[in-house]
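Trainee: My questions all concern the structure below.
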Amino acid sequence: MIPPHEAHVLVRGHILHVVQTQTHTHAEDILDGGLLLNKSGGIIKRGSFHELLSQFPSLDVRDHSGSLLLPSFIDSHIHFPQLDMIGSCAEELLLWLENYTFPREAAFRGRNAFVEAAARTFVDELVKNGTTFAAVYSSSCGDATDVLFEEFDRRGIRGIIGKVSMDRHCPPAIEVGVKKDKSWTEGLIKKWHRKNDRLHYALTPRFAPSCTNELMEMIASVYREDASLYLQTHYAENQNEIKWVTDLFPEAKSYLDVYDSRGLLGPRTILGHSIHTNAMDEALLQDHGVIISHCPTSNLFLGSGLFAARRYLSQGQKVTLGTDVGAGTSFSQWQTMNEAYKVAQLRQERIAPSELFALATTAAAKHLGFDDLGLLDEGYSADYQVIDPASRPVLKRHFDIAKNAEERLAALIHFADDRSLKALYVKGQSVYQSTLHP
Ligand SMILES: [Zn+2]
């Protein structure tokens, strides 16, 4: 029995989430459901709205009847200073970095009105797309990264954020020497890492070609000292990149060995892409329990390759979903799931809607080490999004035809977007309210 003083608010809506066991992933829903929250925004009971109301008749009700309550999204790979670069056309990754990314990232320096406004817009885009938790590459500037942390903190959302480290093969404006990089990195960790339960630091070497041995060794030593830190970088995204790594590190057994031999791999390492791999490297990923971020819109936009999601999942690898804005073309995890589905189709493989949804919710939470996120159930934090299926006539039609939770998810994956989101909550607190749904 829950003592009445523990119950704080009762949230009403159509609850839909995805449950994973060792062997199965499936969508389940409660059409007229209720979530009983305590004062700290934890879910203390889930069930039928009317049953919960009869037990707690005097409780405040947050009434979203007719709308869906879903766990909010986790984006495991996105770049803050690439906010303005979506759709910048280049033949492939390395030319894209040289011609668009590096010049643009040079603008994200210092603490100034431009960086502050960009941080606001960046968080606006995350929340209006239902994302409350993102692993973010900032620019190489410590001050701009500080601004981004402040914005995440002020808006009440969750982040694993890091200043990009790079000390070669880039314009001088964004190159940061090892000494300066170390002092910025340590300063940011001290100020922000686990300042509260929403904010975390990720050491962020851009990718092997951007880093000297000395820089990678400095990063590895900081990583070794604190087991609660994350580390994020890119790996095996396209063939030209892999060839470049082979030329730069002739002694390495493979691209992944460059990171492994320097102590950069572990269960809190998030690797973007991991497309062009081999059995030896995949075994290494698994041995270290590395978290992989699959970024389909980016991989399609740059023509990088088709990620083998089915193979990775059947190996039991820790796969999550990232938008990878700005090579990625959308902030929306619905759109990202939609394209992950098509990438699998092009490989003649199948991924169910519930498996796709898990990559951005329950699986991502578990792999990143957050046992209280990703589900709307007892013992979980009330991080949830409210979606109106009537927000788009075409979504409503598909939604009404759908026969079960799995088909309802399929309709959302193909038709939900930022027009569909009514409201967004972290720990039961509002972090976004759409003006389209007053
Ligand atoms: Zn990236």
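Trainee: Filter the range 191-247 for residues that are more than 19 Å from residue 138 (Cα to Cα), surrounded by fewer than 22 Cβ atoms within 10 Å (Cβ to Cβ) and among the charged types (D, E, K, R) and give the result.
Mentor: Result: 197, 214, 217, 224, 225, 226, 243, 247.
Trainee: Being buried (at least 23 other Cβ atoms within 10 Å of the Cβ) and not small (Gly, Ala, Ser) is true for just one of 383, 371, 400, 388. Which residue is that?
Mentor: Going through 383, 371, 400, 388 in turn, the sole match is 383.
For every residue, the table says whether it meets (1) within 15 Å of the ligand (Cβ to nearest atom); (2) crowded, with 23+ Cβ neighbours inside 10 Å.
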site	(1), (2)
281	no, no
306	no, no
325	yes, yes
340	no, yes
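Trainee: Report, ordered by the first and then the second residue, all pairs with beta carbons closer than 7 Å, sequence separation of six or more or different chains, a first member in the range 378-394 that is touching a residue at least 12 places away in the same chain (Cβ under 8 Å) and in a loop (DSSP other than H, G, I, E, B), and a second member that is among the hydroxyl-bearing types (Ser, Thr, Tyr) and buried (at least 20 other Cβ atoms within 10 Å of the Cβ).
Mentor: Partner pairs satisfying both residue conditions: 382/425; 383/72; 383/132; 383/425; 388/67; 388/420; 392/420.
Quick note: the coordinates plus some simple rules give every number you see, no bench work behind them. Computed from a predicted structure; not experimentally measured. Glycine also receives a Cβ, built like all others from the backbone with ideal geometry; neighbour counts cover every protein chain displayed.
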